[in-house]
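Here's the structure we're looking at; comments come further down.
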Amino acid sequence: MKSWFIYVFGRWILLSGIAGALMQYLLSDMLKIHTIPAFLLNQFILANVFWFIDKAIFRGYFSIPHITLWQIEKNVKCADCGVIGEGYRVVKAKNYDRLNDPEPEFRCSTCRERKLEELRKRGIEV
Ligand SMILES: [Zn+2]
């Protein structure tokens, strides 16, 4: 409700409404451009401006938190300690992509934590 209020009154009435009215006045009354072409020009100019404003507004709503994608396999050998069992590996993270790794390395749940620490030290967000 609060964001609705900000969007409707702040974004449309205040910004678009006033900016659009002023622009229409400038184009139509001052520059004597006919109403319809003036209106279209008005919208075109504002669209260019609000493209950046709306992008900033919606970035907050639609920014998807990055997801770390794991592959879990049964009966695989841990790449570190050699234990056979359930193995884990990070396939994809924000700045990490091993989707097409020809030799995937799996790790047991203990070694997984150590590997995660190592990845984090390398600046990978997992
Ligand atoms: Zn292990």
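Annotations
- Dimensions (Å) - region 2-62, Cα atoms, principal axes, largest first: 40, 18, 14
- Once the convex hull of all Cα atoms in region 69-121 is built, its volume per residue stands at 73 Å³.
- Counting only residues at least eight positions apart within a chain, or on another chain, the aspartates and glutamates with an alpha carbon under 20 Å from that of residue 2 are 54.
- Only lysine pairs 8 or more places apart or on separate chains count here, and in region 43-126 those with Cα atoms under 19 Å apart total 6.
- Scalar couplings 3J(HN,Hα) for region 9-17, obtained by applying the Karplus form with A = 6.51, B = -1.76, C = 1.60 to θ = phi - 60°, are 7, x, 6, 7, 5, 5, 6, 5, x Hz; x denotes Gly and Pro.
- Where the alpha-carbon atoms of the chain are placed on the principal axes, they occupy 81, 33, 25 Å, in descending order.
- Distant-in-sequence amide contacts of residue 79, defined by a placed amide H-H separation under 5 Å and a gap of 5 or more residues or a different chain, comprise 106, 107, 108.
- In sequence order, calculated HN-Hα J values of region 98-105 (Karplus, 6.51, -1.76, 1.60; Hz; x Gly/Pro): 10, 4, 10, 5, x, 10, x, 9
Read the figures in this text as sums done on the coordinates, not as results from a lab. Keep in mind that what you see is a predicted model, and the values were worked out from it rather than measured.
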